[in-house]
Structures are given as structure tokens and as C-alpha cells.
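Asker: To start, I am sharing the structure in question, which I have written as C-alpha cells.
The values are calculated or read from the model by the stated rules, or taken from the named source; none is laboratory data. Treat the numbers as computed from the prediction; the structure is a model and nothing was measured. Using ideal geometry, Cβ is built from the backbone for each residue, glycine included, and neighbour counts are taken over all protein chains shown. Accessible surface is based on the protein model in full, side chains and every heavy atom, while ligands, DNA and RNA are left aside. Shrake-Rupley method; radii C 1.70, N 1.55, O 1.52, S 1.80 Å.
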Amino acid sequence: MPRLDVPFTIRPAQPSDSATILELIKGLAEYERLANAVTATEAQVHETLFGARAYAEPLIAELDGKPIGFALFFHNYSTFLAKPGIYLEDLFVWPEHRGQGYGKALLLEVVNLAKQRGCGRVEWSVLDWNEPSIAFYKSLGAQPMDDWTVMRLGESEIAQLGT
């Protein structure tokens, strides 16, 4: 459970949070052993999340006014359900604040948004070695999609295949 003696809030991120979001992204990448994969800049975060076309929605978790985590998601669509869904791209809480319910609170905020928006699914990926996160997600009732394999075309493949 989040501490009740210190004010805890979850709020939609604002353009002025771009540097904070990038810092949280880097923290997540370090945790996932992918720190060298982060090429994002503060300007890119600002433009892609708060520019003319926002590609995703970030939520910031704050404890006593200090950012301690974030969730970043975007809408997808299920043709089988004929409903929108939410894809949770990132869920991260700084290590010193883990195990206290803040990650769960962030995830539940995304779930509540999915309910409000009439979504049929909330989905995300988790690294197969990340047993603590897998156990956490399963404890909430999430089901692994073992029949599916994530496929990806990176920037170089997109450039090669594009016209």
C-alpha cells in the first residue's frame, strides 16, 4: 500500500515534465539492462508526447511532490473486439520506492482509464528474465500470452523496406 503519511498523487504529465520523463526512461532502461539503447533526447520526448501529434500519454507518480515513477501508454485497436485498447509501453518506479504499492497504483490508474474509455484490453510486454515483474503482474490476474511472439522492425529495417 502507498504510504498514507506522505502525499502520493498520480497525474497526467505536462510539457514541463519532459526532462523528468526522460530521466525516468533512462532509469527504466538501466533496470532493463538496456541503458545503451536510449537515444531519446528531451526535445524528442517533448515533441512526441506534447507536440502537434501526441503519440503516447504519460502519467507521473509523485510522492510528496517528487516524481518517483511513471506509466506511459497509447491506444491500439482490437479488430476482433471492435474496441480500442491500451498498450502500456512503460511502467517504472525508482528502486527505493518499489514494493510499497506505487507501481500497482500506476497500473490501476491505467486500468481505470481503460474502463472510462471503453477499452477491451490493456496489454504490455515484460522481459522474460524479469521474474519479479512477471510475478507482480500475475498476482493482479494478468495472463501471459505464451502463444504470441513479439516481432519488430527497427529504424534500419523500416528504411530498407520503405519506398
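Asker: Which value, in Å² rounded to 10, gives the accessible area of Lys104 with a 1.4 Å probe and all protein chains present?
Answerer: 90 Å²
Asker: HN-Hα J couplings of segment 149-157 from phi, Karplus 6.51/-1.76/1.60, θ = phi - 60°, integer Hz, Gly and Pro as x?
Answerer: 10, 6, 10, 8, 10, x, 4, 5, 5
Asker: Put +1 on the Cβ of each Lys and Arg and -1 on the Cβ of each Asp and Glu in the chain; which of Thr79, Ser156, Ser125 then has its Cα farthest toward the positive end of the dipole?
Answerer: Highest projection toward the positive end goes to Thr79.
Asker: Which residue fluctuates most in the GNM of the chain (Cα springs below 10 Å): Gly120, Gly103, Gly27?
Answerer: Among Gly120, Gly103, Gly27, the largest mean-square fluctuation in the Gaussian network model of the chain belongs to Gly120.
Asker: Then there is this: Compute the normalised compactness of segment 26-110: alpha-carbon radius of gyration over 2.2 N^0.38 Å, N being the residue count.
Answerer: Normalised Rg, Cα atoms only: 1.21.
Asker: Another question, then. For segment 52-58, take each phi angle, set θ = phi - 60°, evaluate the Karplus expression 6.51 cos²θ - 1.76 cosθ + 1.60, and give the result in whole Hz per residue in order, putting x for glycine and proline.
Answerer: Karplus values, whole Hz, x for Gly and Pro: 4, 10, 7, 8, 7, 10, x.
Asker: Here is a further query. Heavy-atom accessible area per residue, segment 118-159, 1.4 Å probe: how many Å²?
Answerer: Spelled out: the 1.4 Å probe surface of segment 118-159, per residue, equals 84 Å².
Asker: Note the count of lysine pairs whose C-alpha atoms are less than 25 angstrom apart in the chain, limited to pairs 8 or more residues apart or on different chains.
Answerer: So the count of such lysine pairs works out to 9.
Asker: Could you pull the accessible area for His75 with a 1.4 Å probe, rounded to 10 Å²?
Answerer: 80 Å²
Asker: Two decimals is fine: what is log10 I(q)/I(0) at q = 0.16 Å⁻¹ for the chain, from a Debye sum with one equal scatterer on every Cα and no solvent?
Answerer: Log10 of I(q)/I(0), two decimals: -1.08.
Asker: Let me ask something additional. Where the eigenvalues come from the Cα gyration tensor of segment 73-163, what are the semi-axes √(5λ) of the equivalent ellipsoid, largest first, in whole Å?
Answerer: They are 26, 19, 14 Å, listed largest first.
Asker: What fraction of the DSSP beta bridges in the chain is antiparallel, stated in percent and rounded to the nearest 5?
Answerer: So the antiparallel bridges amount to about 85 percent of the total.
Asker: With Cβ to Cβ distances under 14 Å as the rule, what net charge do the other residues near Arg121 carry (K, R +1; D, E -1)?
Answerer: +2
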